[in-house]
Amino acid sequence: MYTIKLFLFIAPLVFSSTTDQDYASSDSVSPQPKSRFAMLDDVRILASGLLQLGQGLKDFVHKTKSQINDIFKKLNIFDQSFIDLSLQTNEIKEEEKELRRTTSKLQVKNEEVKNMSLELNSKLESLLEEKILLQQRVRYLEKQLTNLIKYQPECQEHPEVTSFKTFVEQQDNSIKSLLQIVEEQYRQLNQQHSQIKEIENQLRRTGIQESTENSLSSKSRAPRSTPSLHLNETNNVEHDGNSWTLIQHRTDGSQDFNETWENYKYGFGNLDGEFWLGLEKIYSIVKQSNYILRIELEDWKDSKHYIDYSFHLGNHETNYTLHLVEITGNIPKVLPEHKDLVFSTWDHKSKGHFNCPESFSGGWWWHDVCGENNLNSKYNKPRSKTKPERRGISWKSQNGKLYSSKSTKMLIHPTDSERSELRQIKKPIN
């Protein structure tokens, strides 16, 4: 601004001096040296002003150019921010759709839990009524036995009466056990129902937008609410004239076995199809006596294989540690022998086996190698030779080759000595 003012001040002087010079050249009367020196001074002043003006204009151009570059940089940053914001908006919309689908599924599961709860209440009431009737019968029989003993003190108790008393006691114990199991199942269903209600309330409080932002910042894996097996249900099959309890069955991949620790603990699936009986129930069965574990496999060529183990299963405090000793069979190295195999799932990883459930899917007894023999892995059907083989339910042979399985069964039954004792005391439950 200062340079422009200087130029406006000097310009009239230059024009006036040039005009005077023209008049002096045309007028030849008196060329005075003093006026010439004055003109030279004006020219010098003009030149100096022009130099300052040029320098000021140069500085102004550089400054303006720098400002324009800064504006372009800010515009580029704004464009990139706008693009990123558009991408984030699209992601938030997708997450919102997914959350709405999840909410719908939770509502359906909530209705299923309500129906199961009502059904369990009905069964519990029925069992309580049966218990009351049985207790009345027992009291009536005890009264009759007391009268019989009172009037016939020297007579020995009849064997049929003793047998009937034993049967009644067994019935009463069985009913008490069933009531405890039903109550535990009812408690678990109420807990699941409360969790679903809490999730629904959180969704209502926070709103869709906040929930999507939280889901973007935390991609934790949420357990599925797969219906668990009733704890008082088992599936018995006949083999070679013996009754075996089926604890695992896979045939077609209709049941996802990549379940949570809670579901593996209490069981899931359908007893008429694919299912896992539950670690806690398996432990409650085998802790009573010595049992044999049989594994049956069928490959995609319909070839069948089996192996029998004597085994020991720990409780939940040991993560249901499994210890095996092979008895007989035609499958090589289905599971490691004479080693402590610790059960792990993706949400309950035992020490030293952090990546096995994540990498190979499904809960299983792991040791030092992941996935070599995992009968609870993802169910994959064989692909064509031109496509790479997908790892699924498999076992490893002695030559190191992995074979894919079409169906699997895991069964348990008491050893021969235990079975003979059980046959003598086993009574039917009406």
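The values are calculated or read from the model by the stated rules, or taken from the named source; none is laboratory data. Just so it is clear, the model here is predicted, and its values are computed rather than measured. These area figures cover heavy atoms from the full protein model, side chains too; ligands, DNA and RNA do not enter into them. Shrake-Rupley method; radii C 1.70, N 1.55, O 1.52, S 1.80 Å.
Quick one: what Rg and Dmax do you get for region 78-151 from the alpha carbons, in Å?
That works out to 31.4, 105 Å for Rg and Dmax.
Apply the Karplus curve 6.51 cos²θ - 1.76 cosθ + 1.60, θ = phi - 60°, to the phi angles in region 77-85 and return the couplings in whole Hz, x for Gly and Pro.
Using θ = phi - 60°, the values come out as 4, 4, 4, 5, 5, 5, 5, 4, 5 Hz.
Taking amide hydrogens as modeled 1.01 Å from N in the peptide plane, which residues meet the under 5 Å criterion relative to Ile292, leaving out close sequence neighbours?
His413, Thr415
Using every pair of alpha-carbon atoms in region 294-347, split the distances into 5 Å bins beginning at 0 and state the percent of pairs per bin, rounded to integers.
5, 18, 22, 19, 17, 12, 6, 1, 0
So how much accessible area does Glu317 have, in Å² to the nearest 10, using a 1.4 Å probe?
150 Å²
Just to verify a number: what accessible area does Lys74 come out at with the full protein assembly present, 1.4 Å probe, Å² rounded to tens?
Here the residue's solvent-accessible area equals roughly 140 Å².
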